[in-house]
Amino acid sequence: MTPIQECIRNKNNKVSPIWIMRQAGRYLSEFREIRKKNPDFIKLCLNENIVPEITLQPLKRFNFDAAIIFSDILIVPYGLGQDVTFSKGFGPKLGKINIDEISKVKPIEFTDRVQSVYKAIQITSKNDLLKNKDLIGFVGAPWTLLVYMINKISPKNNLKENFFEDKILIKELIQVVKNFIKIHIDQQIKSGSTIIQIFDSWAGLLNEKDLNEYVYEPTKEIVNHIKSLDTTVICFPRGIKNYKEFVNYVKPNAVNIDYEVDPKEILGKIDIPIQGGMDPKILLSDKDHLKKESIKYLEIFKDHPYIFNLGHGILPETKPEMVSYLVDIVKNYK
Ligand code: CP3
């Protein structure tokens, strides 16, 4: 069994495996090199010749225990026919949404449009660099995809007042999105992903009264689907106030905590394997501070199955040298 599966499935707390969200990305010069030549981000995500190379870039540099397929959660709206573009320094922009057309999309039309993601997973999974390591596939949670598809751009700190105005649209859209998330997961697993992580980056935007309908229920459905395929599932409901309630309701195999969560406090509350937590900004400081902060997480979780990761994606300004240092600390602990 791989170190991460050993931790999650067997609740092994002897060592902490490590990988990092956005580990294939702009903090690596070799990624920026490729990105410069490929200005269209979605096209790059759909290039099965380059995606395996980008996915494996961090594993060539660091002793991570997993690769995460280089792709994006917005590949699902793209596969459903919604326009998705990225402009520099702004983030994603999505096009108009036509619910009648989206409701008519057939699974085969969707999988044809995003086929290269699955081909890239097949190619990557055969690489020797992944020996005894996991290849993580992923999806956006229904709620976070709904946010992007309706809001069209990243929300800042809150939703527009009229977000929930068109109740019929929201109800229909969440059904369609759930179905295609499942299809996207099935194909990633068939192609060689050994773990699925569900990113709910905007879970923290919801009022408590709406969590059940938009986060707990739909995510639980996806989690149950993944479990029925005997595949490991990690959830990341970023910004949620009550991780305990989330875990009790949704029951993923492991949960990634964000950097606002107090690790000591969560330890007493959650009994499933925990991943992540450290603020990505710590990697922008100095080695002494990084050592102190990473050891803090390792100490707190020393008797709990714990996968080292961050409380959100690694920042583009991070020096790769700091990542090497972090991996050494984690690997030499205990
Ligand atoms: O290494 C990995 O983690 C795998 C690849 C990955 C990307 N996006 C590549 C990417 C993963 C797992 C994602 C998930 C993703 N995408 C999320 C959930 C995680 C989170 O950050 O909350 C979200 C919300 C998105 C949507 C998205 N994609 C946004 C908001 C942005 C722009 C933000 C930014 O950092 O510029 C992206 C672009 C994106 N996705 C980049 C990468 C490497 C940067 C694109 C570039 O090179 O310009």
- Query: Any idea which of V176, G192, A141 is furthest toward the positive side of the dipole for the stretch 123-193, if Lys and Arg beta-carbons carry +1 and Asp and Glu beta-carbons -1?
  - Reply: G192
- In whole Å, how far is the Cα centre of the stretch 257-334 from that of the stretch 121-140? 23
- For the chain, built as a Gaussian network whose Cα springs stay under 10 Å, the top-fluctuating residue of E299, E265, E245: E265
- Note on the structure: Residue separation between V15 and E317 times 0.36 nm, minus their alpha-carbon distance, gives in nm 105.8 nm
- At 1.002 mPa s and 20 °C, Stokes D of the stretch 155-226 from Kirkwood alpha-carbon radius, µm² per second: 155
- Query: Where the accessible area of the chain is counted over protein heavy atoms with a 1.4 Å probe, how much of it, in %, is carbon and sulfur?
  - Reply: 48
- Query: Considering the stretch 178-268, what Rg and Dmax in Å follow from its alpha-carbon atoms?
  - Reply: 13.3, 38
- Note on the structure: Within the set F90, F138, F31, GNM on the chain using Cα springs under 10 Å gives the largest fluctuation to F90
- Cα-centred dipole magnitude for the stretch 9-108, charges only on beta-carbon of K, R (+1) and D, E (-1), debye, nearest 20: 360
- Task: Report, please, the projected area of the chain averaged over directions, based on the convex hull of its C-alpha atoms, in nm².
- Result: 15.6
- Note on the structure: Out of P237, P39, P52, a Gaussian network model of the chain with alpha-carbon springs under 10 Å gives the largest mean-square fluctuation to P39
- For the chain, give the magnitude of the charge dipole about the Cα centre (Cβ charges: +1 Lys/Arg, -1 Asp/Glu; no others), in debye to the nearest 20. 600
- Message: Please report the net charge: other residues with Cβ closer than 15 Å to the Cβ of M21, K and R +1, D and E -1.
- Response: -2
- Note on the structure: Length-normalised contact order of the stretch 1-159, Cα under 8 Å, at least 6 apart, in percent, tallies to 28
- Find the centroid of the Cα atoms in the stretch 43-98 and in the stretch 160-224, then give the distance between the two in whole Å. 19
- Taking the Cα atoms only, what angle lies between the long axis of helix 320-332 and the longest principal axis of the chain, rounded to 10 degrees? 60
- the chain: relative contact order as a whole-number percent, Cα under 8 Å and 6+ apart: 23
- Only Lys, Arg (+1) and Asp, Glu (-1) charged, at Cβ; the stretch 219-334 dipole about Cα centre in debye: 180
- For K96, which lysines qualify as cross-link partners when the Cα separation must be under 21 Å and same-chain residues fewer than eight apart are set aside? K43, K88, K104, K106, K152, K156, K160, K167, K171, K178
- More than 14 Å apart - percent of Cα-Cα pairs taken over the stretch 215-258: 40
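The values are calculated or read from the model by the stated rules, or taken from the named source; none is laboratory data. Predicted model, so just to flag it, every value in this text is computed and none were measured. When we count neighbours, we look across all protein chains shown, and the Cβ atoms used for this are built from the backbone with ideal geometry, even at glycine. Surface areas here come from the heavy atoms of the whole protein model, side chains and all, with no ligands, DNA or RNA. Shrake-Rupley method; radii C 1.70, N 1.55, O 1.52, S 1.80 Å.
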